[in-house]
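Down below is the structure, laid out as structure tokens.
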Amino acid sequence: MLQYESSLDAMRDAVLFPIGQALHMVSFKAMKIVPAHYIISKARDRGDLQPGKTVVETSSGNFALGMAIVCNRLNHPFVAIGDPAIDPAFKRQLEMLGGRVEIVTDKKGSQGYQKARLDRLQEILAAEQGAFWCRQYDNENNGLAYANIARELLEIVGPRLILVAPVGSGGSSCGIAAALRAGGADCTLVGVDTFNSVLFGQIDGPRKLRGLGNTIMPGNLKHMLFDDVHWVSSELADHFTRKLYKTTGHFRGPTTGAAFAVVRFVRNRYPDAPIVFLSPDDGSRYVDTTFASNDDSPAYDQLRPVEIGHPTAYDANTEWAWMKWDRSDIHRFQ
């Protein structure tokens, strides 16, 4: 068995699982523990976060959990500012780790919950002396936190690989790809997004698939690292999340399913290279959503993506689209 120096070391560790021929899954217990720990540790080292002071972030998902676990272990109070996407069970999970969860309900007009969350965050920073804001979307330490993962992939998989990565903040996808290339790897980066996300040039709108996509453009998202980009529907992601569980026993979340859906197409596009896809979290939070149904349509297994020439060139019925991004700047499509 593996022995760790601390429980935090164990929780932020990742495991590389073989899923098929030259196909590997990087499985995290809760991936955002990795950047949360790195960001908070660096802030402590710099003196930006003093012992016992509060850590604050706007998050309704996995970064909130990562921050909560790290703060619990390092004895920092924390405040997670979210929106109604935080269900009562997840809220209790965070609060049991010793922090405060604030849920904003005012969408601030067309600017959505994100603006309201950021406004509340600024109020907390002004009121709590010494409070530290993680800035997960713009803090370069988000991406730098994954350097060790990249080094291990280079050692185990080798210098040629395809990385299929769900994209939210840009931290894991860009951080791993940049570190791989800096280490001499020939890494093709395939980003997985969802419809109505602004990350790769689509127009902001309602999104059913949580943990994927964004309403704001993160500074950590380096578009010129990406070779291909895919957009998948919530239904397709859920189907392949269940398929992964049925065929391998890996009980993972729907962002993993989104990446797993894309893998089949990537194999045809790049037939000779090892493929690695990221699995950010397990399926525990999705028992009543993704795993509530077992009624899967065989049609999804035969579905192929629609190739588009512009991020907005799809119709409302499209379940899966992709385009050759060719390491372009986002301004090419704006």
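Values quoted throughout were computed directly from the atomic coordinates according to the rules given, and no laboratory measurement underlies them. Because the structure is predicted, anything quoted here is derived from the model rather than measured. Methodologically, a virtual Cβ is constructed for each residue, glycine included, from the backbone with ideal geometry; neighbour enumeration extends over all protein chains shown.
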Note to self: For the chain, what does the relative contact order come out to in percent, with C-alpha contacts under 8 Å and a separation of six or more?
What the structure shows: 16
Check: Using Cα pairs under 8 angstrom and six or more residues apart, how large is the relative contact order of region 33-133, in percent?
Finding: 30
Notebook entry, point to check: What are the aspartates and glutamates whose alpha-carbon lies under 20 Å from the alpha-carbon of Lys324, with same-chain residues fewer than 8 places away excluded?
Noted result: Asp186, Asp193, Asp227, Asp228, Asp272, Glu307, Asp315
Next item on the list: Take the chain, connect every pair of alpha-carbon atoms lying under 10 Å apart with a spring to form a Gaussian network, then pick out the residue of Arg46, Arg285, Arg160 with the largest mean-square fluctuation.
Entry: Arg46
Checklist line | Positive-end residue, the chain charge dipole about Cα centroid, Cβ charges, pick of Ala178, Gln3, Tyr113 | finding: Gln3
Notebook entry, point to check: Could you give the dipole magnitude of region 33-133 about its Cα centre, charging the beta-carbon of Lys and Arg +1 and that of Asp and Glu -1, in debye to the nearest 20?
Noted result: 140
Note to self: Compute a Gaussian network model of the chain, connecting alpha carbons closer than 10 Å, and tell me which residue from Asn75, Asn220, Asn317 fluctuates the most.
What the structure shows: Asn317
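How would Cys71, Cys134 line up from fewest to most surrounding beta-carbon atoms within 10 angstrom?
On the way: Cys71 21, Cys134 25.
Ordered from fewest to most neighbouring Cβ atoms within 10 Å, Cys71, Cys134 come out as Cys71, Cys134.
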Item checked: Furthest towards positive pole of dipole, Ser233, Pro298, Gly213, structure part region 213-334, Cβ charges -> Gly213
Checklist line | Sum of -39500 (n - 2.57) over DSSP H runs of 4+, divided by residues of the chain (222 nm, nearest 500) | finding: -10500 deg cm²/dmol
Checklist line | region 47-68 and region 269-310: distance between their alpha carbon centers, rounded to Å | finding: 31
Checklist line | Euclidean distance between Cα centres, region 208-260 to region 118-184, Å | finding: 17
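Multiply the residue gap between Asp315 and Lys53 by 0.36 nm, knock off their C-alpha separation, and tell me the result in nm, one decimal place. Please list the in-between numbers first.
Values: separation 262, 0.36 × 262 = 94.32 nm, distance 4.86 nm.
Stretched out fully, the Asp315 to Lys53 stretch lengthens by 89.5 nm.
Under a Cβ-only charge scheme (Lys and Arg +1, Asp and Glu -1), can you give me the dipole magnitude of the chain about the Cα centre, in debye to the nearest 20? Walk me through the numbers before you get to the answer.
Values: 36 positive and 37 negative charges, 50 e Å.
That gives a dipole near 240 debye.
Mind scanning Lys32/Lys208; Lys91/Lys243; Lys107/Lys208 and naming the pairs with a C-alpha gap bigger than 19 Å?
Details: Lys32/Lys208 21 Å; Lys91/Lys243 29 Å; Lys107/Lys208 17 Å.
The pairs that break the limit, which is 19 Å between Cα atoms, are Lys32/Lys208; Lys91/Lys243.
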Checklist line | Cα-centred dipole magnitude for region 171-247, charges only on beta-carbon of K, R (+1) and D, E (-1), debye, nearest 20 | finding: 300
Note to self: Counting C-alpha atoms alone, how compact is region 98-158: give Rg to one decimal and Dmax as a whole number, in angstrom.
What the structure shows: 17.5, 50
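Going from the alpha-carbon gyration tensor of region 246-290, what semi-axes, largest first and in whole Å, does one get by taking the root of 5 times each eigenvalue?
Working: eigenvalues 113, 17, 16 Å².
Equivalent ellipsoid of region 246-290: 24, 9, 9 Å, largest first.
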Check: Only one of the listed values, (i) 70, 43, 29; (ii) 54, 49, 41; (iii) 96, 45, 33, was derived from the coordinates as Cα extents along the principal axes in Å; which label is it?
Finding: (ii)
Check: What per residue convex hull volume, in Å³, comes out for region 138-208 when only alpha-carbon positions are used?
Finding: 94
Next item on the list: Could you check which residue among Ser297, Ser27, Ser279 shows the biggest mean-square fluctuation in a GNM of the chain with a 10 Å Cα cutoff?
Entry: Ser297
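On a full-extension model of 0.36 nm per residue, what is the gain between Arg92 and Val306, subtracting their alpha-carbon distance, rounded to one decimal in nm? If you can, show how the numbers build up before the last one.
Details: separation 214, 0.36 × 214 = 77.04 nm, distance 4.09 nm.
My answer for the length gained is 72.9 nm.
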Next item on the list: State log₁₀ I(q)/I(0) for region 33-133 at q = 0.19 Å⁻¹ as given by the Debye formula over alpha-carbon point scatterers of equal weight, solvent excluded.
Entry: -0.88
